[in-house]
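Structure, as structure tokens:
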Amino acid sequence: MRLSLALPLAAIALSSLASAAQVAQTPPMGWNSWNYFAERVDDKGVRAAADQIVSTGMRDAGYIYVNIDDTWEGERDASGVLHTNPKFPDMKALADYVHSKGLKIGIYSSPGPKTCAGYAGSLGHEEQDAKMYAEWGIDYLKYDLCSFIPEVMEKQAPHDEAGQMRLMHAAYDKMGKALKATGRPIVYSLCQYGWDSPWEWAPALGGNAWRTTGDIEAKWQSVYDLLSQQAGLASYAGPGHWNDPDMLEVGNGELTLAENRAHFSMWAMVAAPLLAGNDLTQMKPEVKAILTNRDVIAIDQDSLGKQAERTYADGEVEVWTRHLSGGALAVAVLNVGSDRVATHPFHLSLAKLGLHGVQKGKDLWTGKNIELADNMPIELGNHDVLLVRIAQPK
Ligand code: GLA
């Protein structure tokens with residue numbers, strides 16, 4: 001009798017653990033409010049984003065998470081329960097709405113007493129908050145270090161960097177465990193700006209993604225700086241755990257069309273989470289075409305989960321390669337310079353890529369077949385990219 005009761009319970013516990021472990025088998029895709037809306041995000045805007053993700057075809061292209069960033073938080077009551085502020089009258093109803101569209105919903109907090117924008121963080125309320133997220137139906141948490149630095153790390157371990165890092169790891173561990181204890185599969189995204197090599201310790205704390213850098217800006221220099229910081233990190237990424245060079249700025253700020261294309265291509269090459277950060281209600285067709293390019297998305301979402309490396313650079317042209325499932329190879333040639341014809345002109349070396357003879361591939365931005373030959377000249381506009389998938393590299 002005891003055994004027959006125990007078995008189904010054990011099976012339920014095991015199955016919820018298994019499903020929790022299965023999130024982010026490919027880099028999470030979706031939308032996040034911060035890069036465009038920042039503190040102007042509200043319930044209406046999140047619903048509009050969810051509607052747009054569906055009507056633009058983004059959902060069908062793989063964008064599933066609708067993530068509310070900072071500034072949703074209100075005050076805690078006498079029992080420590082955190083309430084939303086008036087911009088979000090009913091988080092459960094909002095989650096239900098997002099779910100009704102076939103999408104998932106994400107939220108944001110900090111291990112410190114305050115978030116980066118000065119709203120209530122989770123310090124001392126980790127289990128309580130995690131439970132509430134699960135009750136609301138939350139599927140993704142971005143956990144942003146912020147005030148934990150001055151309020152805990154620097155106060156509790158002044159002049160002791162190793163001690164400060166231990167406090168930080170423990171804080172991320174605490175929330176990782178609290179999320180797991182809810183039994184709900186929730187993507188756990190660490191945001192601590194790449195401090196203390198999170199790629200080395202975040203996966204063990206249940207992290208599904210960890211920021212490798214400071215904040216992105218909608219400027220080419222920022223996009224390129226963050227990309228550069230991904231070189232050398234490929235071995236840390238894989239199904240369930242990803243390097244995160246920050247959310248997309250495609251369609252925002254000063255980026256040209258070529259820069260948007262290059263930004264999206266390179267985020268796909270480095271297996272980054274693809275979280276669009278633009279105003280979807282005003283998305284231009286050419287921006288939508290970039291964000292919904294299925295061939296490029298397929299590079300990001302490749303089941304092998306192997307991140308690209310910068311294979312070589314020649315002057316202002318960089319060549320990155322990514323191994324894909326089925327033995328395929330993605331090659332990105334990126335003109336990071338400001339001249340139209342970088343290095344006057346650039347000639348592709350197949351030998352440096354370990355390839356021999358003419359390679360048949362597909363140019364993922366024109367959609368046309370392309371042949372790559374050794375030493376062939378490639379002309380690229382400034383900050384533009386040639387992205388090729390070679391099905392059978394030789
Ligand atoms: C930090 C994060 C950003 C964003 C803001 C919100 O700067 O890195 O991505 O979440 O906080 O305040």
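Annotation: of all residues in the range 357-379 being out of contact with any Gly (no Cβ under 9 Å at 6 or more places or on another chain) and either of a type in the set (Val, Ile, Thr) or in contact (Cβ under 8 Å) with a residue 40 or more places away in the chain (or both), the one that is surrounded by the most Cβ atoms within 10 Å (Cβ to Cβ) is 364. Summed over the range 127-140, residues that are buried (at least 21 other Cβ atoms within 10 Å of the Cβ) and in contact with a helix residue (DSSP H, G or I) (Cβ under 6 Å, 6 or more places away or on another chain) total 1. Among the residues of the range 180-195, those identified as open to solvent by 30 Å² or more (accessible area, probe 1.4 Å), of a type outside the set (Gly, Ala, Ser) and out of contact with any Ser or Thr (no Cβ under 6 Å at 6 or more places or on another chain) are 180, 182, 184, 193, 195.
Counting only strands (runs of 3 or more DSSP E) that sit wholly inside the range 323-394, those with at least 2 residues that are at pLDDT 95 or above and of a type in the set (Gly, Ala, Ser) are 329-335.
State which residue is farthest from residue 114 (Cα to Cα) when the search covers only the range 148-163 and only residues that are crowded, with 20+ Cβ neighbours inside 10 Å and of a type outside the set (Phe, Trp, Tyr). Ranking the qualifying residues of the range 148-163, first place goes to 153. Residues that are under 19 Å from residue 320 (Cα atoms) and more than 14 Å from the ligand (Cβ to nearest atom) do occur in the range 215-222, at least one of them.
Of the numbered criteria (1) within 16 Å of the ligand (Cβ to nearest atom); (2) touching a Gly at 6+ places or on another chain (Cβ under 8 Å); (3) assigned to a helix (DSSP H, G or I), the one residue 249 fails is (3).
Scanning the range 223-243 for residues that are in a loop (DSSP other than H, G, I, E, B) and within 16 Å of the ligand (Cβ to nearest atom) gives a single hit, 229. Of the residues in the range 194-205, none is more than 16 Å from the ligand (Cβ to nearest atom), of a type in the set (S, T, N, Q) and assigned to a helix (DSSP H, G or I). Criterion applied to 285, 273 was being at pLDDT 95 or above and buried (at least 19 other Cβ atoms within 10 Å of the Cβ), and the one residue passing it is 273. Taking the range 26-67 as the range and being within 16 Å of the ligand (Cβ to nearest atom) and touching an Asp or Glu at 6+ places or on another chain (Cβ under 7 Å) as the test, the residues that pass are 32, 33, 34, 35, 36, 41, 65. Evaluated against (1) open to solvent by 50 Å² or more (accessible area, probe 1.4 Å); (2) in contact with a helix residue (DSSP H, G or I) (Cβ under 6 Å, 6 or more places away or on another chain), residue 247 falls short on exactly one condition, (1).
Exactly one residue out of 62, 106, 45, 74 is in contact (Cβ under 8 Å) with a residue 40 or more places away in the chain and open to solvent by 20 Å² or more (accessible area, probe 1.4 Å): that is 62.
The values are calculated or read from the model by the stated rules, or taken from the named source; none is laboratory data. All of these numbers come straight from a predicted model, not from anything done at the bench. So basically every Cβ, Gly included, is an ideal-geometry build from the backbone, and we count neighbours across all protein chains shown. The area values use the complete protein model at the heavy-atom level, side chains included, leaving out ligands, DNA and RNA. Shrake-Rupley method; radii C 1.70, N 1.55, O 1.52, S 1.80 Å.
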